[in-house]
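Q: If you scroll down you'll find the structure; I have some questions about it.
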Amino acid sequence: MKLRESNIRKLDQGVYDVLIVGGGINGAVSAAALSGKGARVALIDQRDFAGFTSQQSSNLAWGGIKYLESHDYGLVRKLCLSRNHLIRSYPSRVREIRFLSTIEKGFRFHPWFLWAGTWVYWLFGNGFTRIPRLLFKPTIRREEPAIAIENAAGGFEYSDAYLGDNDSRFVFQFVRSAMDRGCIAANYVESLGARRDGDLWIARARDVIDGKTFEIRAKVLINAAGPFVDEHNRRTGEQTEHHHLFSKGIHLIVPQITPNPRILAFFADDGRLFFVIPMGARTCIGTTDSRVESPFTEVTDEDRRFVLDNINKRLKLPRPLTRSDIIAERCGVRPLVVKAKAEGNIRDWMQLSRKHEIDVNRGRAHLSIFGGKLTDCLNVGDEVAGIVSELGVDLPYPRYKWYGEPHPSVLEEYRHQAQLMNLDSYTFPGAMESLTSRLWRRYDEKALRLLEDIREDPRQAEVLIEGTEYRRCEIALATRQEMIVKLEDFLRRRSKIALVVRREDIRTAPGLMEACEILFGEQAREKFDEYFQDRPMARLVAGAEEVEHFETG
Ligand SMILES: Cc1cc2nc3c(=O)[nH]c(=O)nc-3n(C[C@H](O)[C@H](O)[C@H](O)COP(=O)(O)OP(=O)(O)OC[C@H]3O[C@@H](n4cnc5c(N)ncnc54)[C@H](O)[C@@H]3O)c2cc1C
């Protein structure tokens, strides 16, 4: 039986210590921390894991340098330390990266002042990263010719960190680690609400795929529904001190702008920071920050124009980027936490804090997680475990380290085996990293199993979907371990193929149907058609032919 079906059967059996609603970053780390420490945990998500906000981020683990301007020093200090903790815990997945920031003449701050700010930022992070540098125009020109420096006053460089895979895979790895420690997790299962009955929560759940409903019983209920926290609280009759407001942000993915592995940072026309972020052979540009009322958003023409105009103004490209250069788009809302009482008095949208808050109803053993960032995820996991323990749930392994890559000796053994079988002879010429490090980054200790598969049958090391890096053995592993229900789960979240390859190229890629057969068996054709029928990007690309360029001059 497949993992998901088997887990769904288990969900209505017995009493769980904790039921977590929502498998974005907040739900995923809560599940990983609690299961690692020995609690009996159930986790459900109405969509795929990380299928909402947590797949739309800028992929940064960062201290939030921009919050220095709003004097949110406590938050910056905390986020810098969280970033360091992530880099230390996940050396192959979360890596330090340099940010090269160019400041235009007449900007509200002089580059020297901002450079001084980067030293404060560096100190807030205990000097964990490389030191900042002040840059004059000739150095910027020499080191990053893609930047238009005619109007620049100067610049500086500092460090933060970057998620080497995409955000949604990072989240899924916490879900997987929770499942490895006994958590019963299922995607595409919606909570319809929950009632308190004596000492228990009874949640009504619906399998979104076949429509069947069932009940899940748990001592503690954690509402980690991201932008839907308030809605789920309404469904369960929970009152909270905090609520969410929504800030929309978009990213556009375009062909590679610069081969240098660094982020270019600029201040957009509206004065806000925006980035040019490397994404393998592509570049991700964004983001925007505008208040919206609904969590359901899409990229508008105005958003695209804003990002493209700003980027074209600040870069010196062979030709300006246009809509037809867009390979994929990302769009989501940041759930921002506010006190219920303050909601009507928000004067400055940008001053809203990006911290997280956990509201606890001790009488009803209920937690609501508001706000937060990917960067702060390890703290959220620890904090949630602490609260659940205070609520009386026995955590038999309170000191268990539930996060982090395996012990270095496992990596050493993996590298040794990879070397002995000459794994890197399968690395593409010109690839950005060796196959040995790619497989470790994506699968850590499970990569040892991949080596075994390749030793048994060298065809397992062949690329299955042409134009991507995915090997036959990876698809087989994903089928067993990664709860892929729809083709989009694989193309957009477990991998980032849908972000870096144009939709039409994916559709015609030799090997995709074979990959579907491995992933879905008899349902391969149905899943393939389902994915390509729902075609927002195809509409966009088709639209690009009708619409004339709207880049700035
Ligand atoms: C444009 C943008 C850029 C960002 N950049 C960064 C960045 O670079 N670094 C950083 O640290 N942070 C960044 N963030 C913030 C970060 O992405 C979010 O704070 C974080 O992903 C929120 O996670 P979450 O788990 O709270 O919500 P979500 O990821 O939305 O997860 C909530 C889940 O709950 C599920 N759910 C909802 N209702 C139900 C129900 N009734 N039953 C079952 N499941 C339900 C949803 O399907 C969803 O998957 C960014 C955010 C945006 C929008």
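Q: Are any residues in the range 1-13 in contact with an Asp or Glu (Cβ under 8 Å, 6 or more places away or on another chain) and part of a loop (DSSP other than H, G, I, E, B), and if so, which ones?
A: ASP12
Q: For residues that are without any contact (Cβ under 8 Å) to a residue 24 or more places away in the chain and either open to solvent by 30 Å² or more (accessible area, probe 1.4 Å) or under 23 Å from GLN56 (Cα atoms) (or both), tally how many sit in the range 200-236.
A: Residues meeting the conditions: 9.
Table: residues versus (1) at pLDDT 95 or above; (2) among the aromatic types (Phe, Trp, Tyr).
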site: TRP440; (1), (2): yes, yes
site: TYR443; (1), (2): yes, yes
site: LEU451; (1), (2): yes, no
site: ASP457; (1), (2): yes, no
site: LEU477; (1), (2): yes, no
site: LEU487; (1), (2): yes, no
site: LYS496; (1), (2): no, no
site: GLU526; (1), (2): yes, no
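Q: Could you check how many residues of the range 145-185 are in a strand (DSSP E or B) and either of a type in the set (A, V, I, L, M, F, W, C) or closer than 30 Å to ASP489 by Cα (or both)?
A: Residues in the range 145-185 being in a strand (DSSP E or B) and either of a type in the set (A, V, I, L, M, F, W, C) or closer than 30 Å to ASP489 by Cα (or both): 10 in total.
Q: Okay, next question. Could you tell me whether any residue of the range 299-310 is closer than 30 Å to HIS232 by Cβ and either among the hydrophobic types (A, V, I, L, M, F, W, C) or away from the ligand (no atom under 16 Å from the Cβ) (or both)?
A: For the range 299-310, residues closer than 30 Å to HIS232 by Cβ and either among the hydrophobic types (A, V, I, L, M, F, W, C) or away from the ligand (no atom under 16 Å from the Cβ) (or both): present.
Q: In the range 206-234, what residues are in contact with a Leu (Cβ under 7 Å, 6 or more places away or on another chain), within 13 Å of the ligand (Cβ to nearest atom) and under 22 Å from ASP17 (Cβ atoms)?
A: Hits for the range 206-234 are ILE216, LEU221, ILE222, ASN223.
Q: Regarding ALA476, is this residue open to solvent by less than 50 Å² (accessible area, probe 1.4 Å), in contact (Cβ under 8 Å) with a residue 40 or more places away in the chain and assigned to a helix (DSSP H, G or I)?
A: yes
Q: So how many residues does the range 311-340 have that are of a type in the set (A, V, I, L, M), outside any loop (DSSP other than H, G, I, E, B) and more than 15 Å from the ligand (Cβ to nearest atom)?
A: Residues meeting the conditions: 3.
Q: Is it the case that the range 222-238 has a residue that's basic (Lys, Arg), within 22 Å of the chain's Cα centre (by Cα) and either at pLDDT below 95 or assigned to a helix (DSSP H, G or I) (or both)?
A: No: the range 222-238 contains no residue that is basic (Lys, Arg), within 22 Å of the chain's Cα centre (by Cα) and either at pLDDT below 95 or assigned to a helix (DSSP H, G or I) (or both).
Q: Against the definition (modelled with pLDDT of 95 or more and closer than 26 Å to MET179 by Cβ), how does GLU469 come out, yes or no?
A: no
Q: Is it fair to say ASP444 is in contact with a Pro (Cβ under 8 Å, 6 or more places away or on another chain) and part of a helix (DSSP H, G or I)?
A: Criteria met by ASP444.
Q: Take the residues of the range 274-283 that are touching a helix residue (DSSP H, G or I) at 6+ places or on another chain (Cβ under 8 Å) and buried (at least 21 other Cβ atoms within 10 Å of the Cβ): which is nearest to ARG95 (Cα to Cα)?
A: By that ranking, first place goes to VAL276.
Q: Do we find that GLU293 is surrounded by fewer than 19 Cβ atoms within 10 Å (Cβ to Cβ) and farther than 22 Å from LYS496 by Cα in this structure?
A: For GLU293, the condition - surrounded by fewer than 19 Cβ atoms within 10 Å (Cβ to Cβ) and farther than 22 Å from LYS496 by Cα - is met.
Q: Could you check the range 125-148 and list, in sequence order, the residues that are open to solvent by 60 Å² or more (accessible area, probe 1.4 Å) and among the hydrophobic types (A, V, I, L, M, F, W, C)?
A: PHE128, ILE131, PHE136
Q: Moving on to the next point. Go through the range 183-203 and give me each residue that's within 14 Å of the ligand (Cβ to nearest atom), under 22 Å from the mean Cα position of the chain (by Cα) and under 12 Å from ALA42 (Cα atoms).
A: ALA185, ALA186, ASN187, VAL189
Q: Being in contact with a Leu (Cβ under 9 Å, 6 or more places away or on another chain) and part of a loop (DSSP other than H, G, I, E, B) is the filter here, so list the residues in the range 352-391 that pass it.
A: LEU352, SER353, ARG354, LYS355, ARG362, ARG364, ALA365, LYS373, LEU391
Condition check ((1) within 16 Å of the ligand (Cβ to nearest atom); (2) at pLDDT below 95; (3) surrounded by fewer than 20 Cβ atoms within 10 Å (Cβ to Cβ); (4) within 21 Å of PRO111 (Cα to Cα)) across all residues:
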residue	(1), (2), (3), (4)
LYS248	yes, no, no, no
HIS251	yes, no, no, no
PHE267	no, yes, no, yes
ARG272	yes, yes, yes, yes
THR288	yes, yes, no, no
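The values are calculated or read from the model by the stated rules, or taken from the named source; none is laboratory data. Keep in mind that what you see is a predicted model, and the values were worked out from it rather than measured. Glycine gets a Cβ as well: all are built from the backbone with ideal geometry, and neighbour counts include every protein chain shown. Surface accessibility is based on the protein's heavy atoms, side chains included, excluding ligands, DNA and RNA. Shrake-Rupley method; radii C 1.70, N 1.55, O 1.52, S 1.80 Å.
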